Amino acid sequence: MAAALLANILYSGGFVLEKRALAGLPRVTVREPARLLRLVLGSPLWIAGSLALASGFAAQLVVYRTLPIAAAQGLFVSGLVLLVLLSARLLGEETSGRERYALAAILAALLMVVLSLDEGTDTVSRAAPYPLLLLLAVPSLAAGLWLYRCAERRALRRHRLPSTGVEYGVAVGLLYGVSSLSIKGVSGYWTPTDPLGTLTAVLRSPYPYLLLFTGAFGLVLSQAALQRCRATLIVPVCTTVTCLYTAVLGTLSFGEALPDDPLRLALRLSGTALAVAVLLTMPKHDTAPRPAPAPKELTP
C-alpha cells in the first residue's frame, strides 16, 4: 500500500508538471513527433515531470508483486483526488459540478472494487499465457490509435465546441492499459538475487516490446492531448480506463479468479459497470465561452 500511495503521488505530480511545462511551449501535434520530442526535451520542468512518472512505473512493479491486479487498480485510482487538488492549486483549472459528480462516482465505483477484495482468498498471479495476452493487447492498441485519430479529425472541424478530452483520455488509457499489463508481466519475473537471469527472461517475453510500443506512442499522444485539454478531466478519464482495463482483462489473462462470495462478486461487477457508465455519460465538450458584451456608446 505504501508503494501504491507513492506511485499516486509520483503520477499526479508528474502529470501536473508536464501540463504546466506544455502550457509554456508552442502548440505540439502528433503529426510532427520529432518536433514534439525536441520541444519537450528542452523543458527542464517537463523532464522533471517525466522522471516522476517513470518513478511511478517503478513503484508499480512493487505493487503488482504483492497485491492482486484489481486491488492495485483501486489504490491507483484513489490518486485522482490528489490530481484534482494539485491541478486546481498549481494550474488554476476548475471542474464543473457535473464533472465533480462524475469523479465522485468514479471513486465510489472503484471503492466498491476494493471492498470486493478478500485477502484470504485473492491470489497474486505471476504469469499469463503469451497468446492470450497478445490476443487482448493488439486489438486494444489498434482501437486506441483509431479512437485518437477520430478525435483528431473532429478537432480540426470548424465551428466545433471545445473538447473536454474524453476521447483522448479513453484512447491513451487503452495504450496505458496494455502498458500496465506489461508491467504486471515484468513484475512476475523480478528476482532481486538473480538480476541477469531476470533480464534474460524478460527479454524473451513480449512484455518489454509492448512497453516500448506503448511508451513511445503514449508519450506522443498524451502530450498533444494534455496540452489541448484540462488535466482535471483527461487524466482521470485516462486513469479510469487504464485501471478498468487492467482490472478486468488482467484478471482474465493472469488467471486471478473472481470472488466466490456473491456479495463481493456483486460489488466488483457493479463497481466496474458504474465506472464504465460514468465514462459514457461524461460531457465531451466544454461550454463555449460567451462573447463579451459590446461597450455602450456614450451620449453627449
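Listed residues Tyr148, Tyr130; which is out of contact with any helix residue (DSSP H, G or I) (no Cβ under 8 Å at 6 or more places or on another chain), modelled with pLDDT of 75 or more and of a type in the set (Ser, Thr, Tyr)?
On the way: Tyr148 fails: out of contact with any helix residue (DSSP H, G or I) (no Cβ under 8 Å at 6 or more places or on another chain).
Checking each option against the conditions leaves just Tyr130.
Identification of helices (runs of 4 or more DSSP H) wholly contained in the stretch 154-263 with 2 or more residues that are farther than 24 Å from Ala275 by Cβ yields 166-189, 195-203, 207-228. Of all the listed residues (Val63, Val40, Val30, Val84), the sole one being on the phi < 0 side of the Ramachandran plot, of a type in the set (Val, Ile, Thr) and touching a Ser or Thr at 6+ places or on another chain (Cβ under 7 Å) is Val84.
Within the stretch 167-216, the only residue that satisfies the criterion of being loosely packed, with under 15 Cβ neighbours inside 10 Å and either among the basic types (Lys, Arg) or touching a strand residue (DSSP E or B) at 6+ places or on another chain (Cβ under 8 Å) (or both) is Arg204. Exactly one residue out of Thr299, Thr281, Thr242, Thr251 is under 30 Å from Arg89 (Cα atoms) and at pLDDT below 85, and it is Thr281. One residue alone among Thr191, Thr214, Thr200 is over 19 Å from Leu110 (Cβ atoms), without any contact (Cβ under 8 Å) to a residue 60 or more places away in the chain, touching a helix residue (DSSP H, G or I) at 6+ places or on another chain (Cβ under 6 Å) and β-branched (Val, Ile, Thr), and that residue is Thr191.
Evaluate the following for Ala71: is it within 18 Å of the chain's Cα centre (by Cα), at pLDDT 75 or above and among the hydrophobic types (A, V, I, L, M, F, W, C)? No. If you filter the stretch 10-44 down to residues that are surrounded by fewer than 18 Cβ atoms within 10 Å (Cβ to Cβ) and among the hydrophobic types (A, V, I, L, M, F, W, C), you find that the one that is nearest to Ile234 (Cα to Cα) is Ala23.
The values are calculated or read from the model by the stated rules, or taken from the named source; none is laboratory data. Just so we're clear, the structure is a prediction, and the values are computed from it rather than from any experiment. We place every Cβ from the backbone using ideal geometry, glycine too, and count neighbours over all the protein chains shown.
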